[in-house]
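This report refers to the structure that appears directly beneath it.
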Amino acid sequence: MEPYEREALRAVTERPTPVYRTLRAQRISPVLGVEISGVDLSKHVPEQQLVDVRAAFRDHHLIVIRQQKITGEDHDRFTTALASLSPINPPSAAGSLTLRGRTDLRSATADRTAGSRHRDTESAWGSTLYNPRTPGPEFGGETLFVNMHLAHDMLSPTMRSLLEQLTAIHDDAQALAHSTPPPDYVIPKSEQPLIARHPETHRKLLNVNEAYTTRVPQLAARESRALLNMLFDTIAHRAILHCRVRWTPDTLVLWDNRCVQRHATYGHPPHLRNVRHAIIGSPAKA
């Protein structure tokens, strides 16, 4: 491991775990994620606990809350206390802001980002998934989450300097290639810096994902593909960047879509995962 990689790892793994007034927190991995307890999402969450949840979210980017028997209304109430809900991308036929009930991961909609580490949508602040029960009697499936701050920090200084000068095209049409959006749906497409800054912490992060990122316009097509493939491969296969969350019944997971990517391990076929999914738009004012 190179000295700059060791330095990046030390900065993440040796930092103290913050203490929160109303929550108990235990790290899930040295690089990403925290499991919190002491909160009951089936009831109105007091403001001080919301302050602590927001702080844990900012500190760890990924929060796991277990043993929560909640309804869809409870899920929405907690989520909207943190931030406004964002429309599903693309919107559902009913115009719902959340995905609830059975989700078949073999369906065309679910498969639009299959096999890739991805963000839920390009504009989302965060996401929550609630799993009321495990897919099978003996296993519950797992999800990998990737720390994109660390993905940036473990690149060589020369590579980071190069990427600072470049942008990338993010095109939702690629993620929706196997879906049929509503006729009037305008598919988002944007040009974004390859190295971005988190809007709250201002930390740098690697801003590419295989589901949406299609081209680096400053490079020739072959150069662009080679560079993006290298970055996608780093995100997918560098295990030190990953945190693995194992699902148990009545678990809610909340993650920062701006600096975390996810990948379902598909450890549950032929069973189906039964989840409620809420995509979060703009953060609520504390």
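Label positions at A11 and Q26, each projected 7 Å from the Cα along the C-beta direction, are separated by 3.0 nm. Scanning residues 5 or more positions from G33 or on other chains, those with amide H under 5 Å from its amide H are L62, with H placed 1.01 Å from N in the peptide plane. With r as the distance between the Cβ atoms of Y185 and T248 and R0 = 30 Å, compute the FRET efficiency 1/(1 + (r/R0)^6) and round to 0.05. Once the sixth-power term is evaluated, E becomes 0.25.
Rule-based calculations on the coordinates, nothing more; no lab input. Fair warning: this is a prediction, and the values are worked out from it, not measured in the lab. Counting neighbours? That spans all protein chains shown, and the Cβs are built from the backbone with ideal geometry, glycine included.
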